[in-house]
């Protein structure tokens, strides 16, 4: 699981719980709306129908009493109009109750109250009409006849009051049910919030631990590598970015370990090569000393050869002097001169050979001087290790 997946777990849980919280809140709102609709359109409507019916029948009853009392002073047309108006009001009450009775939400208790009120209204209307008719003959008799209508009127009011009480009770029950559902929903939403907070916190802690713990391992590994400890073994689990980091550190540690091993091997090879070079230098110094000794012997031989050549040259000069003396003697005798001339020719040839030898010796001496100069230069370059060259140069 990638790090950004782990980071999103806690917010995702919070969002899920918030969606659940919103769904519960929406359900509560719908339930509250349903309860309000039930109260306003059903229970309060029943209360309104019953109270309007009670008010209308009370007005009809008062009007009938006035008609019975004042009927002697009214014309027949006004009496008929008044009776028709009151009958119309009673018919309206009956129609309103019958219409309300057809509502599907009514319970049996409501229908019984309406069913009990409708026949009472019919009897009341009959008694009221009879009282008015009697009142047209004798007002006092009409008033006495209204006592039966009063009894029916009180019975109608009682049934309408019963209907109002039933509606109020049902409205109270609906309110209590809605309040109970609201409290339950409130507790549920509080529970959802608490669970959401705890779950989000637990997820955040677990994910932070899952992210931070590998980072701590990576930090410790990097510190050990920085201190030169390449023996650390890094255990890698998972496939997220921290696991990739640990895997890269482990690979780097392994590569550094191999590189250090190769460097150490190269250092050993360099040390061995240096030892061999030192041994070679020592051998070279020894051979140089031997060559210097040989050159000293050569130089000594050259000195002896030079002495010999010098002695030969001196002998040649003496021979030349003798030749001069011999030429004097040669003038004295031809045979002796011829012999002397022959002898001088041999001597002359020997002199030329001696001169050639002297040239070779001079060349050897010149090359020896060059070798000595080179040995001195090498001795100056080599320092302490060039003592052999210094001996040669000397």
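Each value in this text was obtained by applying a stated rule to the coordinates, not by laboratory testing. What you see is a predicted model; the values in this text were computed from it and never measured. In this analysis, Cβ positions are derived from the backbone assuming ideal geometry, glycine residues included, and neighbour counts consider all displayed protein chains.
Figures for the structure shown
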{"quantity": "Per-residue Cβ neighbour rank within 10 angstrom, fewest leading, 129, 233", "calculated": "233, 129"}
{"quantity": "7, 192, 93 arranged by Cβ crowding within 10 Å, fewest neighbours leading", "calculated": "7, 192, 93"}
{"quantity": "Contour excess over end-to-end distance, with Cα ends at residue 380 and residue 62 and 0.36 nm allotted per residue", "calculated": "99.3 nm"}
{"quantity": "Neighbour-count order for 26, 124, 175, 65, fewest beta carbons within 10 angstrom listed first", "calculated": "26, 175, 65, 124"}
{"quantity": "Model label zone, residue 76; criterion: amide N under 19 Å from point 7 Å along Cα-to-beta-carbon; scope region 115-141", "calculated": "129-139"}
{"quantity": "Estimated FRET transfer efficiency when R0 is 51 angstrom, pair residue 45-residue 143 (beta carbons, to 0.05)", "calculated": "0.85"}
{"quantity": "Distance (nanometres) between label positions extended 7 Å along Cα→Cβ at residue 34 and residue 133", "calculated": "5.4"}
{"quantity": "Full-extension gain in nm, residue 16 to residue 165, via 0.36 nm per residue minus C-alpha separation", "calculated": "49.0 nm"}
